[in-house]
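Engineer: Attaching a single structure in structure tokens format; questions to follow.
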Amino acid sequence: MLWSRSLAICCICLFLFSTHTFAFYLPGVAPHDYTKGEEVKVYVNSLTPLMGSQQLKSLIPYDYYYKSFHFCSPKEPQSQPESLGSILFGDRIFDSVYKLSMLQNNATCQYLCKETVPGEDAAFINARIKENYAINWLIDGLPAASRKLDVKAKTLFNSIGFELGDSMASFSNPPLHNHYDIEIQYHKQEGQDKYRVVGVIVIPSSNKYDSEEDANTCGPTSERLVLKEDSDNTVHYTYKVIWTPSNIAWATRWDNYLHTFDPRIHWFSLVNSIVIVLFLTGMVAMILLRALHKDISRYNQLEAQEDVQEDFGWKLVHGDIFRAPANIMLLSVLLGNGSQLFCMTTVTLLFAVLGFLSPSNRGSLATVMLIFYMLFAFVAGYISARIYKMFGGDAWKKNVFLTAFLFPTIIFSIFILLNFFLVSAKSSAAVPATTLLAIIGLWFLISVPLCCIGSLFGFKKPRIDHPVRTNQIPRQIPDQVFYLRPIPSMLMGGVLPFGAIFIELYFIMNSIWGSKVYYLFGFAALVFVILTITCSEVTILLCYFHLCAEDYHWSWRAFLTSGASGFYIFVYSIMYFMTRLQINSLTSAVIYFGWSAVISLMFAVLTGTIGYLACLSFIRKIFMSIKVD
């Protein structure tokens with residue numbers, strides 16, 4: 001197939017180009033030019049568990065000023081404005097007591113405060129250190145990072161966040177970091193006394209200071225600070241700012257944060273999967289088209305003969321192929337919501353590939369996805385109405401209501417349930433009531449009206465005519481061989497779409513659960529294209545086999561054949577949980593499997609819709625091509 005070869009060549013070209021470039025993105029925000037002595041504000045964000053070289057041990061983020069941490073805080077911490085997506089992803093950004101002035105107090109010890117940590121809170125802090133929690137700051141829109149070494153590539157990169165304590169230390173309780181060396185990398189504008197922040201590196205350390213005077217030296221002490229869980233602990237916090245000139249341009253300052261481990265292995269694995277999938281689907285399409293061409297030619301030649309010939313093969317079911325399937329209401333509603341998800345995913349990936357979703361705008365990806373999902377409710381209403389009317393449905397009010405509320409209600413109910421678990425764990429990821437009201441407002445004020453308008457347009461259009469008439473009496477379906485029975489055929493059909501995405505799925509899951517930045521949207525877009533092609537061709541192939549076996553119940557089977565890939569995603573998430581996570585908390589486990597179930601369900605509806613619409617087009621095409629009395 002020409003398109004298969006072309007796409008394979010494009011993949012290879014992208015590989016050769018990508019090995020020498022970073023992810024493409026727009027800066028997203030205007031640069032701030034600092035003058036000497038101008039204040040550089042430090043904002044604090046939620047503490048999150050890090051994966052690193054260890055297994056992830058928790059999924060619960062905590063507010064920086066959560067009372068048990070006893071960090072130095074202003075009298076009244078001021079929260080900073082955040083996007084809807086940033087809030088949903090657990091960001092809680094506040095101001096801080098750190099005082100930084102551009103190029104001032106270089107390498108000078110700064111005393112912050114003294115805190116008394118009770119034994120009960122010390123146990124809480126020690127548990128979080130053992131779970132490898134990281135502190136997150138923001139300086140000039142850049143996250144504070146720790147410098148890490150990619151052993152295989154032998155390159156340094158910035159890993160977002162820095163350790164709360166030393167989880168690898170050989171102590172009964174791990175040391176707490178209470179001193180921070182803050183390295184601010186700046187770029188001087190040519191011909192101007194103005195400076196831009198292009199990097200933030202924090203090197204934490206643990207020092208047991210005996211007094212405030214001792215802490216004012218910021219020098220390393222002979223003992224490390226280990227919190228006792230049976231008595232009160234005195235903690236002195238200090239920091240030191242180091243201003244380092246850099247040649248990094250402001251527009252590319254995120255490059256060191258968007259690090260990809262083993263990029264060549266990543267590319268080769270992905271391209272290998274894509275080529276295999278393209279080869280298989282190309283062969284499937286070629287064989288299918290040749291077989292169909294012979295079938296159609298034979299049927300039309302027999303029809304032209306005077307002798308009456310008995311139909312055989314898939315032509316036998318022409319009187320039942322467009323019979324309304326069971327539960328057409330539910331099927332049409334799912335197809336409408338799947339079309340909505342498809343449009344949302346396509347447009348979001350387009351914006352991301354063009355670089356509009358800058359990493360500087362925290363939560364921009366989630367915000368854009370949510371907005372597009374609401375706007376494309378029009379598509380959901382329209383597709384659902386057209387499919388429902390095509391099969392003779394007349395309960396249009398029920399169709400409109402279910403399209404607007406059924407699937408979103410399921411997702412929102414799971415979201416609310418998971419939010420209760422986060423609230424009980426006192427996590428910063430618990431979504432505030434005001435944000436929940438905002439989401440409900442978007443749903444009822446934007447999504448529902450647009451869905452109703454789409455349904456109105458869909459029901460007003462003429463009914464889609466079928467190319468063949470439907471008999472009044474259903475035809476009896478003969479016994480099917482094992483591999484054409486519903487469950488085996490669906491499981492076989494879902495393997496190939498899953499195989500097209502499972503490599504990229506690994507990196508996406510690392511980003512979601514490991515608090516890493518995912519910015520390989522070129523990969524994701526390419527995989528989505530392959531996924532769409534694979535779902536379409538696999539569903540069409542299995543549908544053709546079923547028709548040849550005189551089984552005309554294709555509607556739900558087409559939806560569930562490609563939709564079965566959602567089942568494989570959930571199975572993969574279980575394997576990921578067992579191999580990459582080391583979670584003992586019930587709340588973390590519920591959060592993980594709850595969101596994994598949501599992702600799997602949405603993916604199943606998305607891929608099922610792709611398969612069904614492709615199969616519908618295929619069936620209409622072949623039955624329009626034959627002559628039927």
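Engineer: Quick one: S455 ticks every box in (1) closer than 22 Å to S86 by Cβ; (2) touching a Ser or Thr at 6+ places or on another chain (Cβ under 7 Å) except a single one, so which number is it?
Structural biologist: Against the list (1) closer than 22 Å to S86 by Cβ; (2) touching a Ser or Thr at 6+ places or on another chain (Cβ under 7 Å), S455 comes up short only on (1).
Engineer: Further question: Name the one entry in F420, F482 that is open to solvent by 30 Å² or more (accessible area, probe 1.4 Å), at pLDDT below 85 and farther than 26 Å from G393 by Cβ.
Structural biologist: Among F420, F482, only F482 is open to solvent by 30 Å² or more (accessible area, probe 1.4 Å), at pLDDT below 85 and farther than 26 Å from G393 by Cβ.
Engineer: Only residues that are in contact with a Phe, Trp or Tyr (Cβ under 9 Å, 6 or more places away or on another chain), open to solvent by 50 Å² or more (accessible area, probe 1.4 Å) and within 26 Å of N126 (Cα to Cα): list them for region 164-210, please.
Structural biologist: I203
Engineer: Could I ask something else about it? Given the residues Y43, Y25, which is the only one that is at pLDDT 90 or above, outside the structural domain of L288 (by the TED database) and buried (at least 18 other Cβ atoms within 10 Å of the Cβ)?
Structural biologist: Y43
Engineer: Ok, one more. Of the numbered conditions (1) under 23 Å from L112 (Cα atoms); (2) in a strand (DSSP E or B), E213 fails exactly one; give the number of that condition.
Structural biologist: (2)
Engineer: Right, next: Can S447 be described as within 26 Å of K389 (Cα to Cα), modelled with pLDDT of 85 or more and not assigned by the TED database to the domain that holds S86?
Structural biologist: yes
Engineer: Return the only residue of V379, V368 being closer than 17 Å to K460 by Cβ and either assigned to a helix (DSSP H, G or I) or in contact (Cβ under 8 Å) with a residue 40 or more places away in the chain (or both).
Structural biologist: That would be V379, the only listed residue that is closer than 17 Å to K460 by Cβ and either assigned to a helix (DSSP H, G or I) or in contact (Cβ under 8 Å) with a residue 40 or more places away in the chain (or both).
Engineer: Among the residues of region 213-237, how many are touching a helix residue (DSSP H, G or I) at 6+ places or on another chain (Cβ under 8 Å), open to solvent by 50 Å² or more (accessible area, probe 1.4 Å) and over 19 Å from S167 (Cα atoms)?
Structural biologist: 2
Engineer: All but one of (1) without any contact (Cβ under 8 Å) to a residue 40 or more places away in the chain; (2) farther than 30 Å from L586 by Cβ; (3) assigned to a helix (DSSP H, G or I); (4) open to solvent by 50 Å² or more (accessible area, probe 1.4 Å) hold for S413; state the number of the condition that does not hold.
Structural biologist: It fails just one condition, (2).
Engineer: Is there a residue being at pLDDT 70 or above and within 30 Å of A107 (Cα to Cα) anywhere in region 258-268?
Structural biologist: Yes, because at least one residue in region 258-268 is at pLDDT 70 or above and within 30 Å of A107 (Cα to Cα).
Table: residues versus (1) hydroxyl-bearing (S, T, Y); (2) within 15 Å of V200 (Cβ to Cβ); (3) out of contact with any Phe, Trp or Tyr (no Cβ under 9 Å at 6 or more places or on another chain).
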| residue | (1), (2), (3) |
| --- | --- |
| K99 | no, no, yes |
| N106 | no, no, no |
| A122 | no, no, yes |
| I139 | no, yes, no |
| A153 | no, no, no |
| S159 | yes, yes, no |
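Engineer: For E38, which of the numbered conditions (1) at pLDDT 90 or above; (2) open to solvent by 40 Å² or more (accessible area, probe 1.4 Å); (3) in contact with an Asp or Glu (Cβ under 6 Å, 6 or more places away or on another chain) fails to hold?
Structural biologist: Failed condition: (3).
Engineer: I need a count of the residues in region 363-377 that are in contact with a Phe, Trp or Tyr (Cβ under 8 Å, 6 or more places away or on another chain) and either open to solvent by 40 Å² or more (accessible area, probe 1.4 Å) or among the hydrophobic types (A, V, I, L, M, F, W, C) (or both).
Structural biologist: The number of residues fulfilling the criteria is 3.
Engineer: Scan region 95-106 and tell me whether some residue there is among the charged types (D, E, K, R) and in a strand (DSSP E or B).
Structural biologist: Checking region 95-106: at least one residue is among the charged types (D, E, K, R) and in a strand (DSSP E or B).
Engineer: Taking region 577-605 as the search range and keeping residues that are touching a Leu at 6+ places or on another chain (Cβ under 9 Å) and aromatic (F, W, Y), which one is surrounded by the fewest Cβ atoms within 10 Å (Cβ to Cβ)?
Structural biologist: Per the criteria, the residue is W595.
Engineer: Output the helices (runs of 4 or more DSSP H) that fall wholly within region 422-530 and possess 2 or more residues being hydrophobic (A, V, I, L, M, F, W, C) and under 21 Å from the mean Cα position of the chain (by Cα), or say none.
Structural biologist: Where helices (runs of 4 or more DSSP H) fall fully within region 422-530 and carry at least 2 residues being hydrophobic (A, V, I, L, M, F, W, C) and under 21 Å from the mean Cα position of the chain (by Cα), they are 433-442, 486-513.
Engineer: Now for a separate question. Taking only region 157-188 into account, find how many residues are over 30 Å from L103 (Cβ atoms) and not polar (S, T, N, Q).
Structural biologist: 8
Engineer: Go through region 606-627 and give me each residue that's open to solvent by 50 Å² or more (accessible area, probe 1.4 Å) and part of a loop (DSSP other than H, G, I, E, B).
Structural biologist: Answer for region 606-627, where residues must be open to solvent by 50 Å² or more (accessible area, probe 1.4 Å) and part of a loop (DSSP other than H, G, I, E, B): just K627.
Engineer: Suppose we filter L156, L142 for residues that are within 20 Å of K516 (Cα to Cα), modelled with pLDDT of 90 or more, of a type outside the set (G, A, S) and within 30 Å of the chain's Cα centre (by Cα); which single one remains?
Structural biologist: After ruling out the rest, the residue left standing is L142.
Engineer: When you scan region 436-447, do you find a residue that is closer than 21 Å to L334 by Cβ and either open to solvent by 30 Å² or more (accessible area, probe 1.4 Å) or touching a residue at least 12 places away in the same chain (Cβ under 8 Å) (or both), even just one?
Structural biologist: yes
Engineer: Name the residues in region 155-191 that are under 18 Å from S246 (Cα atoms), outside any strand (DSSP E or B) and free of Cβ contacts under 8 Å to residues at least 60 places away in the same chain, would you?
Structural biologist: Those that are under 18 Å from S246 (Cα atoms), outside any strand (DSSP E or B) and free of Cβ contacts under 8 Å to residues at least 60 places away in the same chain: E190, G191.
Engineer: Same structure, new question: Given the residues L330, L289, which is the only one that is out of contact with any Phe, Trp or Tyr (no Cβ under 9 Å at 6 or more places or on another chain), open to solvent by 60 Å² or more (accessible area, probe 1.4 Å) and modelled with pLDDT of 80 or more?
Structural biologist: On inspection, the qualifying residue turns out to be L330.
Engineer: Six or more apart or on different chains, Cβ under 9 Å: which pairs go from a residue in region 68-90 that's free of Cβ contacts under 8 Å to residues at least 24 places away in the same chain and under 22 Å from S358 (Cα atoms) to one that's of a type in the set (V, I, T) and not in a helix (DSSP H, G or I)? Could you list them?
Structural biologist: These pairs meet every condition: P81/I93.
The values are calculated or read from the model by the stated rules, or taken from the named source; none is laboratory data. This one's a predicted model, so the numbers in the text were calculated from it and none came from an experiment. Please note: Cβ atoms are built from the backbone with ideal geometry, for glycine as well, and neighbour counts cover all protein chains shown. These area figures cover heavy atoms from the full protein model, side chains too; ligands, DNA and RNA do not enter into them. Shrake-Rupley method; radii C 1.70, N 1.55, O 1.52, S 1.80 Å.
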